[in-house]
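Contents: one structure, followed by commentary.
The values are calculated or read from the model by the stated rules, or taken from the named source; none is laboratory data. Note that the structure is a prediction, hence the values are computed from the model and not measured. So basically every Cβ, Gly included, is an ideal-geometry build from the backbone, and we count neighbours across all protein chains shown. Keep in mind that these areas ignore ligands, DNA and RNA; they rest on the heavy atoms of the full protein, side chains included. Shrake-Rupley method; radii C 1.70, N 1.55, O 1.52, S 1.80 Å.
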Amino acid sequence: MLSESVLCLLTEDLLIRLLEKLGPDRKQWRLVCKDFLRVELVSRKSIRILRIEFLPRLLEKFCNIETLDLSLCPRIEDGVVSVLLSQGSASWTRGLRRLVLSRATGLGHVGLEILIRACPMLEAVDVSHCWGYGDREAAALSCAARLKELNMDKCLGVTDIGLAKIAVGCEKLERLSLKWCLEISDLGIDLLCKKCLDLKFLDVSYLKVTSESLRSIASLSKLEVFVMVGCSLVDDGGLRFLEKGCPLLKAIDVSRCGCVSSSGLISVINGHGDLEQLDAGYCLSELSAPLVKCLENLKQLRIIRIDGVRVSDFILQTMATNCKSLVELGLSKCVGVTNKGIIQLLSGCGNLKVLDLTCCRSISDAAISTIADYCPNLVCLKLESCDMVTEKCLYRLGLNCSLLEELDLTDCSGVDDIALRYLSRCSKVVRLKLGLCTNISDIGLAHIACNCPNMTELDLYRCVRIGDDGLAALTSGCKRLTKLNLSYCNRITDRGMEYISQLGELSDLELRGLSNITSIGIKSVAISCQRLADLDLKHCEKIDDSGFWALAFYSQNLRQINMSYCIVSDVVLCFLMGNLKRLQDSKLVCLPKVTVNGLEVALRACCGRIKKVKLQRSLRFLLSSEMLETMHARGCKIRWD
């Protein structure tokens, strides 16, 4: 009573500021306080819809939103949009600036156009992974004349015609991503560059464009970021067009461009002294001395990723001399990375915050200790498959790298409980990967749990000595966990599942191959982990119908589930697939108790909202072609295993 009367004395501006500071607890506050509820209704600028049945009421309440995210709402169709816009005044459309429709495969060109035309202030649209979208949908998008940002990744049906309509209708575009739009050619890119002169970001990754497209792109005087990953038809000649073009270019990514060499990159570098980021992974056989020499001209260069390239100690030493401003370096799977090379590199690059040494198998404690000593601002370190790493260097990391937030030690066999005790001094760690570290046990996990309360993601894949006691410590100390991988940790039983059920923030849980958990354990998780969205139960053969009943009833937020090789019956599978209204991706390979008819009924129960299904290849000609065609027409991709 007292608290409510005090809140009544505060101005609306102060209440809004207080609400913003509450973070994840704001929902609880607005449920018990009318003043917070009132300011939330008028001040909230973005909303993400999880259940379509709540959509009309939420849009009516939050009428001042600027961002609407429908990417997690699986049943958005043309009819839904028509009904939505015909109800009331639809005042929420007047101020909408950003619309997220990623994976909204059920929405066609008619509904899309209606929605676009209803939002006159729209500046950003995301239709990525709407793989059925083509030129008609592109024409609908072109109605957004104020559009500045458009993401069309994997819109597989869009051709040069559709891109031309967007270029003509949306001349104010500043950011455009066309990754995997495989039907777009040089012709479409040329027209785009003639019409959309304000482009600052352009992604043409995996398009079948040639060097002629780069001739057109070079004319974009405002372009700052250019991404062309996997453009196998572009060669050094194309990069030479960029040398005298794009004067404001800050970042370029030519990763996996097989026809690009050091010569082409040197051309780009010579023409752009203000370049800040260079990505050239898996496109060069080796990092040549002339290319590294050119880097000294890039005084602003902060990020280099050259994954998969052959390097030498001399090259890394030269980088230390020429690239003193580096904050991120990617050397994943680079051949020739040695302790000596890393030590020489760090003599000049002590400002590194992100370092990727994945699969640099010659690296040992000497190099990692030097990293710890020279890079006190390190935030992210990836050491997957660096199997000579032991507790000695992790002692130095724990001592010197107090800002470390992400560490990948996957398949580092030298990591043990003592190493985790040292590592636990890095109390700000939020993402930790320990998969295949078979020498760690519950004791080591307890050290991490006691000292790393901010942990949100933990990977313990095949850490076979981890059991229930470790999970007891983990769930007691790391309450913010959202992602947890326990696959093939076979010491875990239903008691461990009871501990996991205490993680209220958990959204992604992998339990693949846990042979000792039953329906009792999975039921406790289903009841308590209400935010669970992704669940992997492949080869959990002791979970029966009662466990899947519990998931169907309690886990209403599930978006993805892997039930392959599980013991579930026709009736329960049908109930689960029909009752999980947000389910978008399911893997149903080899279900021994499910008949062909039972599987077909289950698929029909979720048809219209499911977007991906993985099935056993032998069923391809046993399921009715009519049902498979209907699922495809409604935007569902079927993968056959």
| remark: For Leu509, the net charge from surrounding residues (Cβ-Cβ under 9 Å; K, R +1; D, E -1) works out to -3
| note | Taking r as the C-beta separation of Ser43 and Asp198 and R0 as 35 Å, the FRET efficiency to the nearest 0.05 is 0.65
| request: Any chance you could list P(r) for the range 44-198, counting all Cα-Cα pairs in 10 angstrom bins from zero, rounded to whole %? | output: 12, 44, 32, 11, 1
| query | Going through the range 499-535, which trypsin sites (Lys or Arg not before Pro) have at most 15 other Cβ atoms within 10 Å and a DSSP loop state? | reply | Arg531
| query | Do any of Lys200/Lys483; Lys250/Lys324; Lys293/Lys340 go past 24 Å between their Cα atoms, and which? | reply | Lys200/Lys483
| message | Compute, for the range 397-456, the length of the dipole vector about the Cα centre, with Cβ point charges of +1 (Lys, Arg) and -1 (Asp, Glu) only. Units Debye, rounded to 20. | response | 200
| What is the Cα centroid distance between the range 74-124 and the range 243-311, reported in whole angstrom? | 41
| request: May I ask for the net charge around Ile306, where only other residues with Cβ less than 13 Å from the Cβ of Ile306 are counted and Lys, Arg are +1 while Asp, Glu are -1? | output: -2
| Residues of the range 130-163 with amide N under 12 Å of a point placed 7 Å along Cα→Cβ from Leu182 | 154-158
| request: Please list 75-84, 300-309 highest first by mean number of surrounding beta-carbon atoms within 10 Å per residue. | output: 300-309, 75-84
| task | Please find the FRET efficiency linking Arg431 to Lys612, where r is the Cβ-Cβ separation and R0 is fixed at 25 Å, and quote it to the nearest 0.05. | result | 0.45
| request: List every residue whose amide H lies under 5 Å from the amide H of Cys452, counting only residues 5 or more places away in sequence or on a different chain, with H placed 1.01 Å from N in the peptide plane. | output: none
| Distance-filtered residues of the range 311-326 - backbone nitrogen under 17 Å, label point 7 angstrom along Glu286 Cα→Cβ | 311-319
| query | Which residues in the range 590-609 place their backbone N less than 16 Å from a point set 7 Å from the Cα of Glu53 along the Cα-to-Cβ direction? | reply | 606, 609
| field | Cross-link partners of Lys428 among aspartates and glutamates (Cα-Cα below 15 Å; sequence separation of 8 or more within a chain) | value | Glu405, Glu406, Asp408, Glu457
| task | Enter the accessible area per residue of the chain (Å², integer; probe 1.4 Å; all protein chains in place). | result | 42
| note | Under 5 Å from the placed amide H of Asp235, counting only residues 5+ away or on other chains, we find Ser211
| said: Apply the a/c threshold of 1.5 to the C-alpha gyration tensor of the range 293-371 and tell me whether it is rounded, prolate or oblate. | reply: prolate
| What is the calculated FRET efficiency for Lys61 to Arg310, with r their C-beta to C-beta distance and R₀ = 45 Å, to the nearest 0.05? | 0.15
| Antiparallel content of DSSP bridges confined to the chain, in %, to 5 | 0
| remark: Heavy-atom accessible area of the range 118-170 with neighbours in place, 1.4 angstrom probe: carbon+sulfur share in percent works out to 55
| request: May I ask which residue of Ser71, Leu173, Ser185 lies farthest towards the positive end of the charge dipole of the range 44-198, with charges of +1 (Lys, Arg) and -1 (Asp, Glu) on Cβ and the Cα centre as origin? | output: Ser71
| Which pairs break 23 Å Cα to Cα here: Lys433/Lys542; Lys479/Lys538; Lys433/Lys581; Lys333/Lys353; Lys222/Lys353? | Lys433/Lys542; Lys479/Lys538; Lys433/Lys581; Lys222/Lys353
| field | Dipole moment magnitude, nearest 20 debye, the range 294-389 about Cα centre, only Lys, Arg, Asp, Glu C-beta charged | value | 260
| note | Taking Lys and Arg as +1 and Asp and Glu as -1, residues besides Val429 with C-beta under 13 Å from its C-beta add up to 0
| Spacing of the two label points (7 Å from each Cα toward its C-beta) at Asp274 and Arg94, in nm | 4.0
| task | Report the relative contact order of the chain, percent, no decimals, based on alpha-carbon pairs under 8 angstrom and at least 6 residues apart. | result | 5
| Between Asn377 and Cys450, what is the spin-label point distance in nm, taking each point 7 Å from the Cα along the Cα→C-beta axis? | 3.3
| message | Cut-off under 18 Å on the C-alpha distance; same-chain residues fewer than 8 positions from Lys194 excluded. Which aspartates and glutamates are left, in chain and number order? | response | Glu149, Asp160, Glu171, Glu174, Asp186, Asp203, Glu212, Glu224
| said: Given bins 10 angstrom wide, list per bin the percent of all Cα-Cα distances in the chain, short to long. | reply: 3, 14, 18, 24, 26, 14, 2, 0
| message | Could you tell me how far the Cα centroid of the range 517-581 sits from the Cα centroid of the range 449-495, in Å? | response | 20
